[in-house]
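Read through the structure below, which is laid out as structure tokens, and then see the notes.
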Amino acid sequence: MAHPGPWGKQATFQSTAVKTKTSNSTAETQKKNMAVMLLWFWPENKKFDLQICETHFGFDNCHLTDNKSLYSDAHGVLIFHRGIQDDLSNLPTLRRPRFQRWIWFNPDTPSNTRKIAGIQGLFNLTLSYRQDADIPAHWKLSARKNTDEKFKLPKKERLLCWITGSSGPHAKSRESFNYYRELVKHIKVDVFYSAEFSKSEDYFLTISSCKFYIAFEESIHRDYITETFNGPVAAGTVPIVLGPSRQNYEEFIPGTAFIHVNDFRSASKLAEFLLKLDKDYNSYIRYFNWRHFYIARPHPIEENYEFAHAICQACNFLSVNKVYRVVPDLNKWFFR
């Protein structure tokens, strides 16, 4: 894929046919002193090049594989919650090596997660959007090395935009759709459909052409801040957020980088504020002051790469954290 830099320039990333490179020998990985993480099954069968951890995310200290013959040598086994069968019949049956850690990977919120009997005490590590997970999977800001470099605002051709699924805005959560329905009565919204974007450069260039972007999350839970938010942040656009509290967002990004719907008594008041900002350049550009100090990394938009970032974070975690533990009650932690 191609992903824009902080000033709207594009860096190229190949998005050709998906390849899954595996190795039948552990000698090479042992020689390099790498942690080996076995992907027990592909999340939703979305396969990607297993070298992406190093080539795109910069994690060169772990070896990611989907080769189950390496089970006995794997330092970690990553298991996607949605892929677990109710009778647990598709989980590993071989005895677990003492050094091996099982990682429970669940990107969903509690309201969208089914309970599976028998997994409460199986896992050693949790991989989730939540900050209190062992491995929090979030797109984080990076400190800028050169703080003297000036921010160049991308060219703006539209006021307010939203990229939604093929079913349209009404397929979003009730809160998102109801708010959108009220907002559109007072301000024009340019709506695009995700199916229109097969390349990342088109996706990010479209968002960057908008002054504001509707970044409504599909579920409202603490810490549930997804690529829906990261897209406009990385593209150089002000996100309008509906999700967890403003305070929760500010744990991830400066509060002057976004606009929260909870700051306004109604959708009409929000629309009024946006129309005012549209005519006040100096007030608008202040929403990008944080860019003098931080860089936002664009995420892959290709469907096959949906889970790649989180998986690579887990692989890297195994290499830098050697502590062995057991999650005593997974359900109690996640559904509390």
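For PRO110, the test of being in contact (Cβ under 8 Å) with a residue 24 or more places away in the chain, closer than 20 Å to PHE317 by Cα and either of a type outside the set (A, V, I, L, M, F, W, C) or not assigned by TED's automatic domain parsing to the domain that holds VAL327 (or both) is failed.
Taking segment 114-219 and the strands (runs of 3 or more DSSP E) fully enclosed by it, the elements with 2 or more residues that are in contact (Cβ under 8 Å) with a residue 12 or more places away in the chain and not assigned by TED's automatic domain parsing to the domain that holds PRO239 are at 125-128. The listed residues are VAL77, VAL36, VAL18, and the only one of them that is within 30 Å of ASP202 (Cβ to Cβ) and either at pLDDT 95 or above or outside the structural domain of SER198 (by TED's automatic domain parsing) (or both) turns out to be VAL18.
Among the residues making up segment 265-296, a single one is farther than 27 Å from TRP139 by Cα, surrounded by 11 or more Cβ atoms within 10 Å (Cβ to Cβ) and aromatic (Phe, Trp, Tyr): PHE273. Sub-7 Å Cβ pairs linking a first residue in segment 221-235 that is farther than 22 Å from ARG286 by Cα to a second residue that is hydroxyl-bearing (Ser, Thr, Tyr) and outside any helix (DSSP H, G or I), at least 6 apart or interchain, are HIS221/THR109; ASP223/TYR129; TYR224/THR109; TYR224/TYR129, ordered by first then second residue.
Residues that are charged (D, E, K, R) and under 19 Å from the mean Cα position of the chain (by Cα): does segment 277-288 have at least one?
The first filter runs over segment 277-288 and keeps only residues charged (D, E, K, R), leaving 278-280, 286.
When the remaining residues are screened for being under 19 Å from the mean Cα position of the chain (by Cα), the result is none.
No.
Can you pull out the residues in segment 291-316 that are assigned to a loop (DSSP other than H, G, I, E, B) and of a type in the set (Lys, Arg)? Lay out the reasoning, then the answer.
As a first pass, look at segment 291-316 and keep what is assigned to a loop (DSSP other than H, G, I, E, B): 293, 296-302, 306-307.
Listed by number, the list holds a single entry, ARG297.
Please go through segment 174-203 and give me each residue that is more than 21 Å from SER219 (Cα to Cα), out of contact with any His (no Cβ under 7 Å at 6 or more places or on another chain) and of a type in the set (S, T, N, Q), ordered by number. The one that is more than 21 Å from SER219 (Cα to Cα), out of contact with any His (no Cβ under 7 Å at 6 or more places or on another chain) and of a type in the set (S, T, N, Q): SER198. In the set (1) of a type outside the set (Phe, Trp, Tyr); (2) outside the structural domain of ALA74 (by TED's automatic domain parsing); (3) assigned to a helix (DSSP H, G or I), the condition left unmet by GLU251 is number (3).
Rundown of residues vs (1) under 24 Å from HIS138 (Cβ atoms); (2) surrounded by fewer than 17 Cβ atoms within 10 Å (Cβ to Cβ), yes/no style:
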| residue | (1), (2) |
| --- | --- |
| GLY165 | yes, yes |
| PHE177 | no, yes |
| TYR180 | no, no |
| LEU183 | no, no |
| PHE197 | yes, no |
| ASP202 | no, yes |
| PHE229 | yes, no |
| ALA234 | yes, no |
| VAL241 | yes, no |
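Is it true that ASN24 is outside the structural domain of GLY236 (by TED's automatic domain parsing), at pLDDT 95 or above and farther than 30 Å from PRO110 by Cα? So ASN24 fails the test.
Filtering segment 254-273 to residues that are without any contact (Cβ under 8 Å) to a residue 12 or more places away in the chain and either in contact with a helix residue (DSSP H, G or I) (Cβ under 6 Å, 6 or more places away or on another chain) or of a type in the set (Phe, Trp, Tyr) (or both) leaves only PHE264.
For ALA308, the conditions (1) in contact with a Lys or Arg (Cβ under 6 Å, 6 or more places away or on another chain); (2) crowded, with 18+ Cβ neighbours inside 10 Å are fulfilled apart from (1). Note on segment 51-96: residues that are in contact (Cβ under 8 Å) with a residue 24 or more places away in the chain and in a helix (DSSP H, G or I) amount to 11.
The values are calculated or read from the model by the stated rules, or taken from the named source; none is laboratory data. As the structure is a prediction and not an experimental result, all values here were calculated from the model. When we count neighbours, we look across all protein chains shown, and the Cβ atoms used for this are built from the backbone with ideal geometry, even at glycine.
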